[in-house]
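Asker: The structure follows.
The values are calculated or read from the model by the stated rules, or taken from the named source; none is laboratory data. All of these numbers come straight from a predicted model, not from anything done at the bench. Cβ coordinates were reconstructed from backbone atoms using ideal geometry, including for glycine residues, and neighbour counts include every protein chain displayed.
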Amino acid sequence: MPGFRSNPLLRAIARKTRLERDDILQLLGAADAATDDAIRSCAYAVKTSEVARKVYFRGLAELGNICDKNCSYCGIRSSNREVERFQLTREEIVDAAIWAHQRRFGSIILQAGERSDSQYIGFVEGTLREIRLRTNGRLGITLSLGEQSAATYERWFAAGAHRYLLRIESSNEGLYANLHPSDHRFTARLRCLEALRVIGYQVGTGVLVGLPGQTLDDLADDLIFFRDNDVDMVSMGPYVVRSATPLGAIAENTPAARTRRLRLTLRMISVARILLRNVNITSTTALQALDPHGGELGLMAGANIVMPNVTPLQHHRHYVLYDGKPGVSETPEETLSRIETWVAHSGESIAYGEWGDPPHAKSRTGGRATVAG
Ligand code: 5AD
Ligand code: SF4
């Protein structure tokens, strides 16, 4: 990596023990190619020293696309009547988990549209217990199942989940309100993040990058939000247009706009790595929707987590949040071998058989939430 310290902005940043909002804004806004390189090199150096050049896999199981919510950007929003709704059976989910475990993934992530009916809550709880049983408690389990009551989060934690990902989507309350119908509450989401933390989950959050109306100031505040909330995991993806949605109908979708969103997301990953240091950061699948090399670029920018899709192939095309979802016609085997190839190209090693808890969480919980996988 070229010496980033020869860059005046990075030299000044390196001298500081705590970055201020203005520093973050400068890092986000720097447009010249030399500073772009220097920021990426700096983020990569931080990643190397804090979390090593290792990639942890999280097998992504898309449990179902039934959703009570109606986010204006999302392809499976409740009012989209074009979507054929599905729900995996317990057996399908457990099989996907076993598949990931047999391939020595450290953990899986269960993601779905948001549902909070009591039958569903019990279904997830029972499924978690079954996964724990069938993998001898050795497979880490992350949930990404949206806003739920603290009691539900507690039940799922007791059943074996130990990480939870709930994106704030945007920390700007006004922008959040514009993107969501009036029955969504920014404050409810904040309360959920707080409840998850109190219960003892490793907590992840994140935002969409490149939303219409979003400014660099908003993005700087998003990064400060992550720091203030002491998060363990960050998942940020570019906003990718889904044509059949209200936001998709008005958002710019030119090649230039897509490139801008890709670059801005990569910059956000780098600045998040420089700022938050020892957290886990995902190279999100949405990056690959904007560039076939998006996944690799995410790793080079400072990310260390990749989520290969382990959902049975026949359901992929019904879980389309944005246009151009990668791997929609691949089996989990095919997806895995494609991802292994590009990770190898990036020169990083895949940490098979390790949970990959972020050092940040270990220092906070004194190692309580960490069991080697
Ligand atoms: N582009 C990118 N990401 C999206 N999500 C939903 N719709 C889109 C889109 N059009 C993301 C949201 C949500 C996650 C499950 O998927 O950020 O938190
Ligand atoms: Fe539902 Fe999540 Fe899509 Fe919103 S982003 S409509 S909560 S699946």
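This table checks each residue for (1) among the aliphatic types (A, V, I, L, M); (2) under 18 Å from the mean Cα position of the chain (by Cα); (3) closer than 25 Å to Arg242 by Cβ.
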residue	(1), (2), (3)
Asn70	no, no, yes
Gly75	no, yes, yes
Val83	yes, no, yes
Glu91	no, no, no
Val94	yes, no, no
Ala97	yes, no, no
His101	no, no, no
Arg104	no, no, no
Ser107	no, yes, no
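Asker: Just for helices (runs of 4 or more DSSP H) wholly inside segment 273-343: which have at least 2 residues that are within 16 Å of the chain's Cα centre (by Cα)?
Answerer: Of the helices (runs of 4 or more DSSP H) lying wholly inside segment 273-343, those with at least 2 residues that are within 16 Å of the chain's Cα centre (by Cα) span 285-290, 294-301.
Asker: Quick one: would you say Val328 is among the β-branched types (Val, Ile, Thr) and in contact with a His (Cβ under 9 Å, 6 or more places away or on another chain)?
Answerer: Answer is yes for this residue.
Residues checked against (1) in contact with a Lys or Arg (Cβ under 7 Å, 6 or more places away or on another chain); (2) within 24 Å of Thr135 (Cβ to Cβ):
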{"position": "Glu147", "(1), (2)": "yes, no"}
{"position": "Trp156", "(1), (2)": "no, yes"}
{"position": "Ala159", "(1), (2)": "yes, yes"}
{"position": "Ile168", "(1), (2)": "yes, no"}
{"position": "Gly174", "(1), (2)": "no, no"}
{"position": "Ser182", "(1), (2)": "no, no"}
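Asker: Residue under question is Arg90, and the condition is that it be in contact (Cβ under 8 Å) with a residue 40 or more places away in the chain, among the charged types (D, E, K, R) and on the phi < 0 side of the Ramachandran plot; does it hold?
Answerer: Criteria met by Arg90.
Asker: Moving to a separate point now. Does Val83 meet the test of being among the β-branched types (Val, Ile, Thr) and more than 20 Å from Glu334 (Cα to Cα)?
Answerer: Yes, satisfied.
Asker: Consider Asn253 carefully, then state whether it is polar (S, T, N, Q), modelled with pLDDT of 95 or more and more than 17 Å from the chain's Cα centre (by Cα).
Answerer: The answer is yes for Asn253.
Asker: Could you list, in sequence order, all residues of segment 198-209 that are outside any helix (DSSP H, G or I), touching an Asp or Glu at 6+ places or on another chain (Cβ under 6 Å) and more than 16 Å from ligand 1 (Cβ to nearest atom)?
Answerer: Gln202
Asker: How many of the residues in segment 235-269 are of a type in the set (Ser, Thr, Tyr), under 23 Å from Leu297 (Cα atoms) and surrounded by fewer than 20 Cβ atoms within 10 Å (Cβ to Cβ)?
Answerer: Residues in segment 235-269 being of a type in the set (Ser, Thr, Tyr), under 23 Å from Leu297 (Cα atoms) and surrounded by fewer than 20 Cβ atoms within 10 Å (Cβ to Cβ): 2 in total.
Asker: Next question, about the same structure. Only one residue in Val207, Val231, Val241 is more than 15 Å from ligand 2 (Cβ to nearest atom) and of a type outside the set (Ser, Thr, Tyr), so which one is that?
Answerer: Exactly one residue qualifies, and that residue is Val231.
Asker: List the number of the failed condition for Pro181; all other conditions in (1) within 13 Å of ligand 2 (Cβ to nearest atom); (2) in contact with a Leu (Cβ under 9 Å, 6 or more places away or on another chain); (3) closer than 24 Å to His318 by Cα hold.
Answerer: Here Pro181 clears every test but (2).
Asker: Filter segment 210-234 for residues that are part of a helix (DSSP H, G or I) and among the hydrophobic types (A, V, I, L, M, F, W, C); which is surrounded by the most Cβ atoms within 10 Å (Cβ to Cβ)?
Answerer: Ranking the candidates gives Leu219 first.
Asker: Only one of Arg189, Arg185 is farther than 23 Å from Arg260 by Cα and within 14 Å of ligand 1 (Cβ to nearest atom). Can you tell me which?
Answerer: Arg189
Asker: Tally the residues that are aliphatic (A, V, I, L, M) and either closer than 14 Å to Val203 by Cβ or out of contact with any Asp or Glu (no Cβ under 9 Å at 6 or more places or on another chain) (or both), restricting the search to segment 346-365.
Answerer: Residues that pass the stated criteria total 2.
Asker: Here's a follow-up. Which residue is nearest to Arg267 (Cα to Cα), if the candidates are limited to segment 1-39 and must be in a helix (DSSP H, G or I) and of a type in the set (Lys, Arg)?
Answerer: Arg21
Asker: I'm told Val55 meets every condition in (1) more than 16 Å from ligand 1 (Cβ to nearest atom); (2) surrounded by fewer than 16 Cβ atoms within 10 Å (Cβ to Cβ); (3) outside any helix (DSSP H, G or I) except one. Can you identify the failing condition by its number?
Answerer: In the conditions (1) more than 16 Å from ligand 1 (Cβ to nearest atom); (2) surrounded by fewer than 16 Cβ atoms within 10 Å (Cβ to Cβ); (3) outside any helix (DSSP H, G or I), Val55 misses (2) alone.
Asker: Filter the strands (runs of 3 or more DSSP E) completely within segment 67-180 down to those with at least 2 residues that are away from ligand 1 (no atom under 16 Å from the Cβ), at pLDDT 95 or above and surrounded by 15 or more Cβ atoms within 10 Å (Cβ to Cβ).
Answerer: 140-144
Asker: Another question, then. Among the residues of segment 192-209, how many are surrounded by 14 or more Cβ atoms within 10 Å (Cβ to Cβ) and out of contact with any helix residue (DSSP H, G or I) (no Cβ under 7 Å at 6 or more places or on another chain)?
Answerer: Total satisfying the criteria: 6.
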